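What follows is one structure encoded as structure tokens, with my remarks underneath.
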Amino acid sequence: MAGLEGKVALVTGAASGIGLAIARKFAQQGIRVTLSDIDVKRGSTVAGELPEAHFQAADMASADDLQQLVAQTLDREGRIDILVNNAGIQHVAPITEFPEAKWRQILEIMLTAPFLLTKAVLPGMYAHRWGRIINIASVHALRASAFKAAYVSAKHGLLGLTRVTALEGGEHGVTCNAICPSYVRTPLVEKQIADQARVHGIPESEVVEKIMVAEGAIHRLLEPEEVAQLVTYLCTDAAKSITGSAQLIDCGWTAR
């Protein structure tokens with residue numbers, strides 16, 4: 001992972017789960033990382049445990065918060081070298097029962113916010129002729145599951161944004177890729193077990209086996225650190241020609 005020391009990174013949704021694993025991995029590589037989340041207490045605590053890291057609270061549905069987040073992350077040279085769009089929420093319900101407000105919230109957090117942050121950091125990346133944008137998508141950027149209309153739509157859209165960003169950024173030394181994991185052992189996944197059980201009519205104890213890992217050739221949940229390893233690799237010069245891709249880490253789900 002050589003060549004990353006001194007880079008400046010912004011990771012959203014970084015107080016726990018995948019985002020925190022990425023922030024920790026970045027810090028190990030000497031990257032100066034800003035962790036952002038709405039969980040101020042936990043975010044501040046975990047950022048304080050990492051070298052050259054700081055926490056900036058931000059609501060991904062607030063354009064003002066996003067603007068402030070970028071301003072607080074920029075270094076003295078006006079650089080943000082790496083952007084990881086990871087923040088997300090989930091809501092499980094049939095389309096006929098899906099609240100419009102929840103639909104709009106999920107799209108704001110998981111698609112509009114990555115667009116606005118990408119728009120904000122690209123000029124600096126272009127000026128410095130180097131940049132890495134990693135969008136944490138999902139296997140649901142390529143596949144659909146019932147009862148997740150907003151989440152699946154947002155992740156499909158995020159993959160589209162990834163590809164357009166890659167096309168526009170290529171001549172400026174900027175790459176953009178999407179990571180598409182299957183279910184990862186995170187608080188977001190754990191919180192949806194009860195809803196999954198309800199809509200599928202099965203006991204909560206059967207959700208992981210029958211819903212979350214059933215489609216894969218390898219029947220297990222991913223660990224956040226596995227995703228963090230792939231994200232970090234994509235930031236290195238060894239991956240400088242990988243762009244516009246949907247990087248699968250899905251235990252063989254899409255092999256079917």
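Please treat every number below as a calculation from the coordinates, not as lab data. Computed from a predicted structure; not experimentally measured. All Cβ positions, glycine included, derive from the backbone under ideal geometry; neighbour counts span all protein chains shown.
Quick rundown of the values:
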read-out	value
Alpha-carbon centroids, the stretch 78-154 and the stretch 191-250: separation in whole Å	16 Å
PHE115-THR45 FRET efficiency (beta carbon distance; Förster radius 25 Å; 0.05 resolution)	0.25
Integer Hz, Karplus 6.51/-1.76/1.60 couplings in order for the stretch 4-11, x for Gly and Pro	9, 4, x, 5, 10, 10, 10, 10
Residue order, fewest to most beta carbons within 10 Å, for VAL227, VAL152	VAL152, VAL227
Cα gyration tensor, the chain - rounded (a/c under 1.5), prolate or oblate	prolate
Likely footprinting exposure, LYS41, LYS7, LYS155, fewest C-beta neighbours within 10 Å first	LYS41, LYS7, LYS155
Net charge of neighbours whose Cβ lies under 14 Å from the Cβ of MET110, counting Lys and Arg as +1 and Asp and Glu as -1	+2
Three-way shape call for the stretch 85-141 based on the alpha-carbon gyration tensor, with the a/c threshold at 1.5	prolate
Gained length - GLU225 relative to ARG129, 0.36 nm times residue gap less alpha-carbon distance	31.7 nm
Cα gyration tensor shape for the stretch 44-126, rounded if a/c is under 1.5, else prolate or oblate	prolate
The chain, relative contact order [Cα under 8 Å, separation at least 6], %	20 percent
The chain, helix-only ellipticity at 222 nm - DSSP H runs n ≥ 4, -39,500 (n - 2.57), divided by all residues, nearest 500	-12000 deg cm²/dmol
For the stretch 1-83, convex hull volume per residue from C-alpha positions, Å³	80 Å³
Extension gain (nm, one decimal) between ASP64 and ALA101, 0.36 nm per residue minus Cα-Cα	11.3 nm
Proxy reagent accessibility, fewest Cβ within 10 Å first, across ASP37, ASP75	ASP75, ASP37
Cβ charges +1 (Lys, Arg) and -1 (Asp, Glu), total dipole of the chain, debye	320 debye
Förster radius 22 Å - calculated FRET efficiency between ARG256 and GLN90, Cβ distance, rounded to 0.05	0.40
